[in-house]
Amino acid sequence: MNPTKEMELNEKDELLNNEGETELQEETETMSDNATETDNVTDEKNNLQRKYDELNDSHLRLMAEFDNYRKRTLREKAELIKSGGETVLISLLPVIDDLERAMHTLRTAENIDALKEGVELIYSKFIIYLGQQGVKSIQAIGEPFDTEKFEAIAIIPAPNEDQKGKVIDSVQTGYTLYDKVIRHAKVVVGE
């Protein structure tokens, strides 16, 4: 064989070996990159799973806390409804005591004027108590007719011109509770 050809063959072998080594290095690097990417994906997956678990746990705890809050609130409302009127009723007991004394006195009374005075005192005590609770009577006579406050049960001809459209008589007193009508006054209106 020719030395030049032998050299060329050696060079070609060397080039092929170098190319093979380069390809092998590239494959090794690619495999190592793939392994790194796989590790990164696994780490990211683990982090996401941990975050999901934390959020899910937090969500479940919040749901349980809200459910407990709702149940507690319902219990408190029921208790308020059950015993809310207790203070009102306790405050009414002295008025009932006064009425009992008045009824007892009625059976044995000889002085009617003293009895009238006693009943008027009980009435004024009761009206004062209602005022303390925010209940006020609606003044009707002489007021312009207002369907928000009054219920007309009769319409009569007005005795004079300035009483047209106004309340002439009140058959039943109306009441407000903190400016909200709780019972309309039943009135007679002039036409």
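Rounded, prolate or oblate: pick one for segment 86-133, where a ≥ b ≥ c are the square roots of the eigenvalues of its C-alpha gyration tensor, a/c under 1.5 means rounded, and failing that, prolate if a/b is larger than b/c, else oblate. Oblate shape, in that a/c is at least 1.5 and b/c is the bigger or equal ratio.
Counting neighbouring beta carbons within 10 Å and listing from fewest to most, the residues SER91, SER170 come out as SER91, SER170.
Of the GluC sites (Glu not before Pro) found in segment 114-174, those that fall in a DSSP loop while having at most 15 other beta-carbon atoms within 10 Å are GLU148.
Note on LYS116: lysines with a C-alpha under 19 Å away, same-chain residues under 8 apart excluded, are LYS125.
In the structure shown, the pairs LYS82/LYS136; LYS149/LYS186; LYS166/LYS186 are assessed against 19 Å; a Cα-Cα span above that value is assigned to LYS82/LYS136. Ranked for footprinting exposure by Cβ neighbours inside 10 Å, fewest first, LEU92, LEU80 give LEU80, LEU92.
Reducing segment 79-101 and segment 144-160 to their Cα centroids gives an inter-centroid distance of 35 Å.
Rounded, prolate or oblate: pick one for segment 135-191, where a ≥ b ≥ c are the square roots of the eigenvalues of its C-alpha gyration tensor, a/c under 1.5 means rounded, and failing that, prolate if a/b is larger than b/c, else oblate. In terms of gyration-tensor shape, prolate.
A short reminder: the numbers here are calculations on the coordinates, not readings from a lab. Since the model is a prediction, treat every value here as computed from it, not as a measurement. So basically every Cβ, Gly included, is an ideal-geometry build from the backbone, and we count neighbours across all protein chains shown.
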